[in-house]
Amino acid sequence: MFMKILIVIPALGNVYGGPSKVVLELAESIGKLGISVDVVATNANGEINLDVNLNEWIIQNHYRVRYFSYLNSLDYKFTWSMSQWLFANVSNYNLVHTHAVFSYPVLVTYWMCQLRKIPYIATPHGMLEPWALAYKNWKKKLYFTFLEKPALQKASAIQMLASTEAEGIKNLDLKPPVVIVPNGIHREDFASLPDPEIFYHQFPETKNKRLIIFLGRIDPKKGLDLLAPAFAQAYQKFPDTHLIIAGPDNTGFLPTAESYFIKAGCHHAVTFTGMLTGDIKYAALAAATIYVAPSYSEGFSMSVLEGMAAALPCVITTGCNFPEAGEAEAAIIVNIDVGSIAKAIIQLLEDDQKAKNMGDSYGALRYRARQFILDNYTWDQVALKMISVYEKIIQGNKHL
């Protein structure tokens, strides 16, 4: 069936991490299958706005994107121009897909869809997880009770990225059906990784070291306060290790994050690279020995998928919402505490020293990680699942 889909997200700037990347990858992947897809967002990108034309369609390979100006107040990104556009145009679409919660652009989208009687599906991207709701609790509680929840109750569906994320929102008493559609990666991005020398050239202090890599925003929920003492334990035992912290700081949390490693006594063995994209990011993955995600809370981490697809043995916490990887013995899943993270990293470093071939436990974990992602979590597979959900909603099917 012909479908015209509108995707709404508060912002697409790189500093906002995974959700921005996910939306563009999803739009491209479903557009490639013949679905008409438009994306709208503000031009926000942290302290510096995106250098893009406003209020006009920008044509991409298989979708269009339109940016609007905004006024940032309490991080809600108020945008009168987007509100006007939605009022005039939302009825041109069969279905609207919102990404994020606790944001004005998404809230006004709910209202316009209700006004024009257009079905909508909402993807919170982990923002309704118990830890996320508890962070800055008073503000979120008021907003959720009086604005977000009433609008979510009228959604046609809520997309969760993982089964554990779906389990975590049950106490919120939301009425719409929950569908589980994960994030993905492009198989071709991991067919052949770039030469690690690309990364070493820019960060020479990392050469001839065994690199442990963290990919993600510099944010309180990412567990860097746990990673610092955990890495310090590993570094004390293996002084040839070096930790890469690769990700943007869009909230000014970097000085606090660095203080964790200073306090742990291992700051000299840590490189904060800022956000890595393109070849240098893939070269960093190629250079790494271990991937680590010590998060308190995630929707479904894109960088975990990337670490596993790069055939890295991965240490991830239960907060990463990826029990399937543990069940497949494709990653090491640990409790959210310093001791568990340190123990897993040290075990992998010991296994790495003993590794001789793909038959050893370290090599087998790398192989399973890569195959598990390529077999189950590519954007081609995700797009088909998402389109099936869209079709059922548009057709009025209540059993998603």
Under Karplus coefficients 6.51, -1.76 and 1.60, residue-wise ³J(HN,Hα) of segment 194-203 in Hz, glycine/proline x
x, 5, x, 4, 4, 6, 4, 4, 7, 10
Considering only segment 1-127, what is the antiparallel percent among its DSSP beta bridges, to the nearest 5?
15
Connecting C-alpha atoms closer than 10 Å in a GNM of the chain, tell me which of Ala88, Ala269, Ala288 has the biggest fluctuation.
Ala88
Select from the chain the helices, each a whole stretch of DSSP H, whose alpha-carbon atoms run 15 Å or more along the helix axis and whose Kyte-Doolittle mean is at least -1.0; answer none if there are none.
18-31, 104-116, 224-237, 254-264, 338-354, 361-376, 379-394
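Of all DSSP beta bridges in the chain, what percent run antiparallel (nearest 5)? Before the final figure, lay out each step's value.
Working: 4 of 49 bridges.
Of those bridges, close to 10 percent are antiparallel.
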Whole-Å distance, taken between Cα centres, linking segment 315-352 and segment 226-284:
18
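Rounded to the nearest 20 Debye, what is the dipole magnitude of the chain about its Cα centre when Lys and Arg each give +1 and Asp and Glu each give -1 at the C-beta? Show your work: numbers first, answer last.
On the way: 35 positive and 36 negative charges, 226 e Å.
Charge dipole of the chain: 1080 debye, to the nearest 20.
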Per 0.36 nm of contour for each residue apart, how much would the distance between Asp279 and Phe146 grow if the chain were fully extended, relative to their Cα-Cα spacing?
43.4 nm
Counting only the heavy atoms of the protein chains, how much of Phe68 is accessible to a 1.4 Å probe, in Å² to the nearest 10?
0
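Between Asn89 and Gln202, what FRET efficiency follows from the Cβ-Cβ distance if R0 is 45 Å, with the result rounded to 0.05?
On the way: r = 44 Å, r/R0 = 0.97.
With a Förster radius of 45 Å, E is 0.55.
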Mark the label point 7 Å from the Cα of Lys385 along Cα→Cβ and return the residues of segment 286-300 whose backbone N is within less than 12 Å of it.
300
For the charge dipole of segment 226-335, defined by +1 on Lys and Arg C-beta atoms and -1 on Asp and Glu C-beta atoms about the Cα centroid, which residue among Ser295, Leu254, Val334 has the Cα displaced farthest towards the positive pole?
Leu254
Out of [x] 23.3, 80; [y] 21.2, 64; [z] 20.6, 60, which label holds the value of Rg and Dmax of the Cα atoms in Å that was computed here?
[y]
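In segment 163-228, which trypsin sites (Lys or Arg not before Pro) fall in coil by DSSP and have 16 or fewer other Cβ atoms within 10 Å?
When the trypsin sites (Lys or Arg not before Pro) of segment 163-228 are filtered for loop state and at most 16 Cβ neighbours within 10 Å, Lys207 remain.
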For segment 191-277, shape from the Cα gyration tensor axes a ≥ b ≥ c, cut at a/c of 1.5 then a/b versus b/c, turns out oblate
Just the accessible area per residue of segment 1-136, please: how many Å² with a 1.4 Å probe?
41
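Could you do me a favour and compute the accessible area per residue for segment 165-239, 1.4 Å probe, result in Å²? Write down the numbers at each step before the final one.
Numbers: 3530 Å² over 75 residues.
Using a 1.4 Å probe on heavy atoms only, each residue of segment 165-239 averages 47 Å².
I'd like to compare 232-245, 115-128: which one has the highest average count of other Cβ atoms within 10 Å, and what's the full order after that? Walk me through the numbers before you get to the answer.
Working: 232-245: 19.6, 115-128: 21.1.
Sorting 232-245, 115-128 by mean packing, highest first, produces 115-128, 232-245.
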Where does the chain land at 222 nm, in deg cm²/dmol rounded to the nearest 500, when only DSSP H runs of n ≥ 4 count, each adding -39500 (n - 2.57), divided by all residues?
-12000 deg cm²/dmol
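For the chain, which whole-number percentage of the solvent-accessible area (1.4 Å probe, protein heavy atoms only) is attributable to carbon and sulfur atoms? Working shown, then result.
On the way: 8770 of 16800 Å².
Heavy-atom surface of the chain belonging to carbon and sulfur, 1.4 Å probe: 52 percent.
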Can you list the HN-Hα couplings for segment 326-331, worked out from phi with the Karplus curve (6.51, -1.76, 1.60; θ = phi - 60°), rounded to whole Hz and with x for Gly and Pro?
x, 4, 7, 6, 9, 7
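Going by a ≥ b ≥ c, the root eigenvalues of the Cα gyration tensor, does segment 197-353 fall in the rounded group (a/c under 1.5), the prolate group (a/b larger than b/c) or the oblate group? Each step should come with its number before you reach the end.
Working: a/c = 1.15, a/b = 1.12, b/c = 1.03.
Rounded is the answer for segment 197-353, as its axis ratio a/c remains below 1.5.
The values are calculated or read from the model by the stated rules, or taken from the named source; none is laboratory data. The shown structure was predicted, so the numbers you read here are calculated from the model rather than taken from an experiment. Neighbour counts are summed over all protein chains in view; Cβ atoms, including those assigned to glycine, are modelled from backbone coordinates with ideal geometry. Side chains are part of the model used for accessible areas, which takes the heavy atoms of the whole protein and leaves out ligands, DNA and RNA. Shrake-Rupley method; radii C 1.70, N 1.55, O 1.52, S 1.80 Å.
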